[in-house]
Amino acid sequence: MTVQIITIDGPSGSGKGTLAAKLANHYGFHLLDSGALYRLLGLSLHHKNLLDDLDTCLSECVEAAIQINIKFETKNDSTIILLDGEDVTQTIRTERVGEFASKVAAIPELRTALFERQRAFIQLPGLVADGRDMATAIFPEAQAKIYLTASAESRAERRVKQLQGMGLDVKISDILANIQSRDKRDMERTVAPLRPAVDAFQIDSSNLSIDEVFQLMVNYVDQCIKA
Ligand code: DC
């Protein structure tokens, strides 16, 4: 039996995480949040005081990436993320850890170190993989490839609501500047830059509700999975 793979790539705040979880639930598939892996690695290297010396301590960082001790535990429909046994579910969603992740993600050797860990998520009956290079680098064989984007402004507004919902006090101008600089870094890096796969189904969610985007995705995925 073939494992069905659905990839969703796109910039941060486009709604990928929510939609990937909804699709995984709809099809009964496993879920890979690859951004969480980069966030976890960023946090782990920060804990080890290696983040400011990525170039000089590269082999140590690669080893740390290969050995990283992480666990995704699903309880009552929500997932708890553990790093070295500590619950970091909320911590890894902060802007600060997002910056750590973006630094880590620009290093080709660290991306390679996370390759097998991501491929290990290929399990029956299927997988929904959410990230930046899911279709272009990690799962090029995916049956359904979606590229989800939205304007930087609408993504900043959504991020502010999300962070405020977590009780954090944030300014939209700071969030917008962060999103723009992270987009630039993600799109301009030489290894696995953020871009749609040639055969990706592209959706701009700026003016669409989650339910509208979900419906577009299901219509597309149903055709790919049947084909
Ligand atoms: O999706 P996110 O905001 O949780 O991702 C955090 C960072 O990791 C972001 O800067 C992009 C990077 N990333 C990546 O380079 N490749 C992936 N497959 C997923 C995330």
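Things to note:
- Nonlocal amide H pairs with L31, under 5 Å, H built at 1.01 Å: V128
- Cα gyration tensor, the range 51-156 - rounded (a/c under 1.5), prolate or oblate: rounded
- Distances between placed amide hydrogens fall under 5 Å for R189 paired with L194, all partners being 5 or more residues away or on another chain.
- Positive-pole candidate from N178, I203, I107, dipole of the chain, charges at beta carbon: I203
- Over the residues of the chain, the helix contribution to mean residue ellipticity at 222 nm works out to -14500 deg cm²/dmol, using -39500 (n - 2.57) for each DSSP H run of at least 4.
- Trypsin sites (Lys or Arg not before Pro), loop per DSSP, at most 13 other Cβ atoms within 10 Å - longest free stretch of the chain: 49-170
- Evaluated at q = 0.15, 0.18, 0.21, 0.24 Å⁻¹: base-10 log I(q)/I(0), Debye formula over Cα of the range 68-111: -0.47, -0.64, -0.80, -0.93
- On the beta carbon distance between L208 and L124, with R0 = 25 Å, the FRET formula returns roughly 0.20.
- Isotropic mean projected area of the C-alpha convex hull, the range 104-143 (nm²): 3.0 nm²
- Seen through its C-alpha gyration tensor, with square-root eigenvalues sorted a ≥ b ≥ c, the range 88-227 comes out oblate because a/c lies at 1.5 or above while a/b is not bigger than b/c.
- Between I5 and L127, Q143, A144, the built amide H atoms are under 5 Å apart, and every one of these is 5 or more places off in sequence or on another chain.
- Comparing the range 2-75 with the 2.2 N^0.38 Å rule of thumb, its C-alpha radius of gyration ratio is 1.37 (two decimals).
- Dipole moment magnitude, nearest 20 debye, the chain about Cα centre, only Lys, Arg, Asp, Glu C-beta charged: 280 debye
- Coupling constants for the range 140-149 follow from the phi torsions by the Karplus curve (6.51 cos²θ - 1.76 cosθ + 1.60, θ = phi - 60°), and in residue order they are x, 7, 3, 6, 10, 10, 10, 10, 10, 10 Hz; glycine and proline get x.
- Estimated FRET transfer efficiency (E116, Q164; beta-carbon r; R0 45 Å; 0.05): 0.75
Computed from the coordinates by the stated procedures, all read-outs in this text should not be read as laboratory data. Worth saying up front: this structure is predicted, and the values here are computed from it rather than measured. Cβ: placed from backbone, ideal geometry, glycine included. Neighbour counts: every protein chain shown.
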